[in-house]
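*Asks:* Would you mind keeping the following structure in view while I ask a few things?
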Amino acid sequence: MVGGKFSIINEDWDPVFNRPNVTFSNKHDFIERYGNIQVPNPGNGPAFMKLGAFWLRSPDRRQYDGITFSPGLDPPGYYNLYRGFGAEPRPGDWSLFDRHIAGNIANGDEEVAQYILNWIAHLFQYPGGRRPGTAIVLRGKRGTGKGVFVNNVGQIIGPHYLHVANQRMLTGQFNNHLKDALLVFCDEAFWAGDKSAEGVLKAMITEDQVMVEPKGKDPFVVKNYIRLIMASNEDWVVPAGLEERRFLVLDVSDRHMQDYPYFKAIGQQMDNGGREAMLHDLLARDIKDVNLSIYPRTPALLDQILSSMSPIGKYIYEQLQSRTLGKYENDWGAVLTGNMYDGYQDFCKSLGVRFKLTPEEFGKHLKRYFPGVEKKRLTLTEGYDRGERKLHYVFPPLEECRQQFERQVNMKVDWDQ
């Protein structure tokens, strides 16, 4: 039963994703599919009957109470979509691929390289366990080996690896291809602030269930075991909040970009026992004390956070970088409230922002970023209205404000000055 309705499972081959697949038919469509094949009728009536109708009446047909995706388990009475991995563990050599992860994917950062290996080891060891709640995002030029990395891991996963070419296949309405995925590689993904896709993407990374909707059929729910890797050569790839906890974002090295001999050697080693050796070694890797929800916060992640910020957040970051305040670039400290707001409006205009905060809203948002900022009437010491008392924003010292911003993004920032 799928969505409360009688359905027939067809075990076939998906030519798009090149992997085993199941589709669903109702009784009428199934009988018509085999309507050109007649078999002897074992009961009363015509001498021959359609093959589909014969099968439906057979006591030997497989029958299930429902459908599930349960890696490592065999729930009685349910059709389990899990088919195992595409490789068997065996000792061997995968050193070239290991170096590719460390030198190219992690760009020489040992902490990042160890996290990646732990993340993959967790997938191998606990395909049906609680997921880490993080996705790996690879940012880099074409030909740097992003696909080489993910596809080799995917070949180990085998029938439960899915390589999609655009975000609609990941976040669109009809997502039957996700029903039995363990590892999904979204290649050349570019989110660019797509709010309709953002919630689906984040839920896919962290939520325990996924709603599967085959085209023309009622949706049904399966446990969510998807681990996600995304890759793009765009600057802005994923929607990242201030305290982002879902995305490990990496700038892939281009030192071996389009290096055919380099990638050929990796391919030969992986095709000759390397994948089996990787599975063998990572199944034995000790990760019992590893917390994958804590990951290296990289400069590439900061880029995603800045790109995802609201205009006022970007304006504040620009002010912190330039060490100045407001439209007329006053030294850090006190600035006329109108001057500060005018600078924000000019900044929004440069970004093409149509809907801007009101002065009151602007002040409230400013206070959220810098709780220590105060509104005070100060006496002007220069200009035609010298001696008048006018309303100012009085900021804490620059270093304190920068540290406050770093606490909000939960990482160190490489300030220009």
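The values are calculated or read from the model by the stated rules, or taken from the named source; none is laboratory data. Because the structure is a prediction, the values reported are computed rather than measured. As a convention, Cβ positions derive from the backbone with ideal geometry for all residues, glycine included, and neighbour counts pool all protein chains shown. Calculation scope for accessible area: heavy atoms of the full protein, side chains included, ligands and nucleic acids excluded. Shrake-Rupley method; radii C 1.70, N 1.55, O 1.52, S 1.80 Å.
*Asks:* Sum -39500 (n - 2.57) across every DSSP H segment of at least 4 residues in the chain, then divide by the residue count to get the 222 nm mean residue ellipticity, nearest 500.
*Replies:* Rounded to the nearest 500, it is -10000 deg cm²/dmol.
*Asks:* Also, I was wondering about something else. Quick one: pull the percentage of alpha-carbon pairs in the stretch 120-270 with a separation above 20 Å.
*Replies:* Values: 5680 of 11325 pairs.
Across the stretch 120-270, Cα pairs with separations above 20 Å total 50 percent.
*Asks:* Also, I was wondering about something else. So for the stretch 4-46, considering every pair of alpha-carbon atoms, how many percent are separated by more than 16 Å? If you can, show how the numbers build up before the last one.
*Replies:* Numbers: 517 of 903 pairs.
For the stretch 4-46, the fraction of Cα-Cα distances above 16 Å is 57 percent.
*Asks:* Let me ask something additional. Given charges of +1 on the Cβ of Lys and Arg and -1 on the Cβ of Asp and Glu, with all other atoms neutral, how large is the dipole of the chain about its Cα centre, in debye to the nearest 20?
*Replies:* Details: 51 positive and 52 negative charges, 224 e Å.
Dipole of the chain, to the nearest 20 debye: 1080 debye.
*Asks:* Please compute the Kirkwood hydrodynamic radius of the stretch 224-300 from all pairs of different C-alpha atoms, in Å with one decimal.
*Replies:* The answer is 16.1 Å.
*Asks:* Rounded to the nearest 20 Debye, what is the dipole magnitude of the stretch 83-213 about its Cα centre when Lys and Arg each give +1 and Asp and Glu each give -1 at the C-beta?
*Replies:* I would put it at about 200 debye.
*Asks:* Taking the Cα centre of the stretch 1-94 as the origin and placing charges on Cβ (Lys, Arg +1; Asp, Glu -1), which of Ile37, Ser70, Met1 is farthest toward the positive end of the dipole?
*Replies:* Value: Ile37.
*Asks:* Then there is this: Could you look at the chain and say what percent of its accessible area is carbon and sulfur, using a 1.4 Å probe and all protein chains?
*Replies:* On the way: 10510 of 21280 Å².
Exposed carbon and sulfur together represent 49 percent of the surface.
*Asks:* OK, next. Using only Cα atoms, what Kirkwood radius does the chain have, in angstroms?
*Replies:* Hydrodynamic radius (Kirkwood, Cα pairs) of the chain is 25.3 Å.
*Asks:* Follow-up question, since we're still on this one. Using the Kirkwood radius over C-alpha pairs as Rh, can you work out the diffusion coefficient of the stretch 270-341 via Stokes-Einstein at 37 °C, viscosity 0.692 mPa s, in µm² per second?
*Replies:* Once the numbers are plugged in, D ends up at 195 µm²/s.
*Asks:* For the stretch 1-93, report the accessible area per residue in Å² (1.4 Å probe, heavy atoms, rounded to an integer).
*Replies:* 65 Å²
*Asks:* Could you work out how far the C-alpha centroid of the stretch 255-275 sits from that of the stretch 1-37, in angstrom?
*Replies:* 39 Å
*Asks:* Counting C-alpha atoms alone, how compact is the stretch 89-175: give Rg to one decimal and Dmax as a whole number, in angstrom.
*Replies:* In order Rg, Dmax, the Cα atoms of the stretch 89-175 give 14.2, 43 Å.
*Asks:* Also: Only bridges whose two residues both fall in the chain count here: according to DSSP, what percent of them are antiparallel, nearest 5?
*Replies:* 55 percent
*Asks:* On to the next question. Could you state the number of Å between the C-alpha centres of the stretch 363-417 and the stretch 285-305?
*Replies:* Distance between centres, Cα-based: 32 Å.
*Asks:* Given N residues in the stretch 240-363, what is its alpha carbon radius of gyration divided by 2.2 N^0.38 Å?
*Replies:* Compared with the compact-globule rule of thumb, the stretch 240-363 sits at 1.71.
*Asks:* Which order do the peptides 375-387, 5-17 come out in when sorted by mean C-beta neighbours inside 10 angstrom, highest first?
*Replies:* Averaged packing, sorted descending, gives the order 5-17, 375-387.
*Asks:* Let me ask something else about it. If you count the DSSP beta bridges with both ends in the stretch 94-233, what percent of them are antiparallel, to the nearest 5?
*Replies:* If we restrict to bridges inside the stretch 94-233, about 25 percent are antiparallel.
*Asks:* Say the dipole of the chain comes from +1 at the beta carbon of Lys and Arg and -1 at that of Asp and Glu; which of Ala240, Gly52, Met309 then lies farthest toward its positive end?
*Replies:* Gly52
*Asks:* What does the accessible area per residue of the stretch 141-276 come to in Å², with a 1.4 Å probe and no ligands, DNA or RNA counted?
*Replies:* So the stretch 141-276 comes to 42 Å² accessible per residue, rounded to a whole number.
*Asks:* I'd like the distance separating the alpha-carbon centroids of the stretch 60-87 and the stretch 92-128, in whole Å.
*Replies:* 30 Å
*Asks:* May I ask for the angle, rounded to the nearest 10°, between helix 195-206 and the longest principal axis of the chain, with both axes built from Cα atoms and the value confined to 0 to 90°?
*Replies:* In the chain, helix 195-206 runs at an angle near 70 degrees to the longest axis.
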